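One structure is given below, encoded as structure tokens.
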Amino acid sequence: MPVELVGIRNLTARYEGMEVLKGIDLKVFAGDYLAVVGPNGSGKSTLIKALLGLVPVREGAITLFGAPQASFDRWERIGYLPQRLKAFNPHFPATVEEIVRLGLLAGKRFPKRRARQDDADLEEILQWLDIAPIRRRLIGELSGGQQQRVLLARAMVNRPELLILDEPTTALDPETREHFYGLVQRLNKNHGVTVILVTHDSATIGRYASRLLYVDKGVVFDGTFEAFCRSPEMAGFFGEYGQHLICQRH
Ligand code: ADP
């Protein structure tokens, strides 16, 4: 039996009375690599924020790791990399190491004590993402790709079982983007981390994700890539060429 990490049932979300999501049903299982796609403004970020408890949910039910969201208190099991800021202020007064340490703090319960294990975890993630050599640099001085690796390190430092990425590669050059996706794929394939990725990189998603969710206020499509590639409905949304592009690389 696959282990359900996220369960969403009949979720409706509104901003100031305006319905942004309606009747969303979704299950995410351990080991999934789910790509969430859809037009701009279709509710993808809101869906992610709702499951993280960042927007209030009054209609529908959400469970995380089997627990109702309202009583879920193991947030260190979830890593979140939000949409990228346009640019960091180059003088933003935090170093790479400090930012990654903030991730450690977020995973602790009150009282927040520093443990020896923290230093070991920090070292490991800095090495793994190849940011140890720049640990004393200010985040705002770094390239876009380096900044994204730092934010990924912050999201990963508690070794979460579920990693949620909201358009993580916006503004990265193609080579850095490939590198970033390679890292995420290794987390999924080699370390068993479940991934939910909101993305516009339709040409590359088929190479990485195992499952595709197309959201446009509701769930328009939810299935494997094989099913997606056979779906005439999806050819309608992406155009035949777009669908071909996504599918030929899978
Ligand atoms: P996507 O991630 O698919 O681009 P979003 O979830 O960001 O879509 O937004 C869905 C809709 O909700 C859009 O119409 C957007 O303008 C609106 N919206 C998003 N965030 C807010 C907010 N904080 N307050 C009011 N409206 C919002």
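Brief remarks on what is shown
- For the set ASP130, ASP121, the ranking by accessible area, highest first and with no ligand, DNA or RNA atoms included, is ASP130, ASP121 under a 1.4 Å probe.
- Stretchable slack from ALA94 to SER71, in nm (0.36 nm times residue separation minus alpha-carbon distance): 5.0 nm
- Cα-based Lys proximity count in the chain, under 15 Å, for pairs eight or more positions apart or on separate chains: 5
- Sequence-distant residues sharing a close amide H with GLU59 (under 5 Å, placed H): THR12
- On a per residue basis, the convex hull of the C-alpha atoms belonging to the range 4-247 measures out at 135 Å³.
- The calculated FRET efficiency for the pair TRP128 and GLU16, based on their C-beta separation and a Förster distance of 51 Å, comes to about 0.75.
- For the range 137-151, Karplus couplings with θ = phi - 60° (6.51, -1.76, 1.60), whole Hz, Gly/Pro x: 7, 6, 4, x, 8, 8, 6, x, x, 5, 4, 5, 5, 5, 5
- Our coupling estimate for the range 201-211, obtained by passing each phi through the Karplus curve with A = 6.51, B = -1.76, C = 1.60 and θ = phi - 60°, is 7, 5, 5, 10, 4, x, 6, 10, 7, 9, 9 Hz, Gly and Pro reported as x.
- Amide H contacts of VAL193: ASN188, each under 5 Å away and 5 or more positions distant or on a separate chain (H built 1.01 Å from N in the peptide plane; Pro and chain starts excluded).
- Database remark: amide H of ALA35 closer than 5 angstrom to the amide H of LEU197, SER210, ARG211, LEU212, LEU213 (H placed geometrically; neighbours at sequence offset of 5 or more, or on other chains; Pro and chain starts carry no H).
- Stretch gain in nm, segment GLN117-ARG207, where the contour uses 0.36 nm per residue and the Cα spacing is subtracted: 28.9 nm
- Residue-span extension gain [THR224 to ASP173] - 0.36 nm each, minus C-alpha spacing: 15.6 nm
- Accessible surface of the range 4-247 [probe 1.4 Å, protein heavy atoms]: carbon and sulfur percent: 52
- Förster-model FRET efficiency, 35 Å R0, LEU245 and LEU52, C-beta, rounded to 0.05: 0.65
- Karplus 3J(HN,Hα) series, Hz, for the range 122-134 with 6.51 cos²θ - 1.76 cosθ + 1.60 (x for Gly, Pro): 4, 4, 4, 6, 5, 5, 4, 9, 6, 10, 4, x, 10
- Mean accessible surface per residue for the range 4-247, computed with a 1.4 Å probe while every protein chain stays in place, in Å²: 49
- Normalised by the number of residues in the range 4-247, the mean separation of alpha-carbon contacts (under 8 Å, six or more apart) gives a relative contact order of 27 percent.
The values are calculated or read from the model by the stated rules, or taken from the named source; none is laboratory data. For clarity, every value in this text was computed on a predicted model and none was experimentally measured. We place every Cβ from the backbone using ideal geometry, glycine too, and count neighbours over all the protein chains shown. Just so you know, the surface numbers come from the protein's heavy atoms only, side chains and all, with ligands and any DNA or RNA stripped out. Shrake-Rupley method; radii C 1.70, N 1.55, O 1.52, S 1.80 Å.
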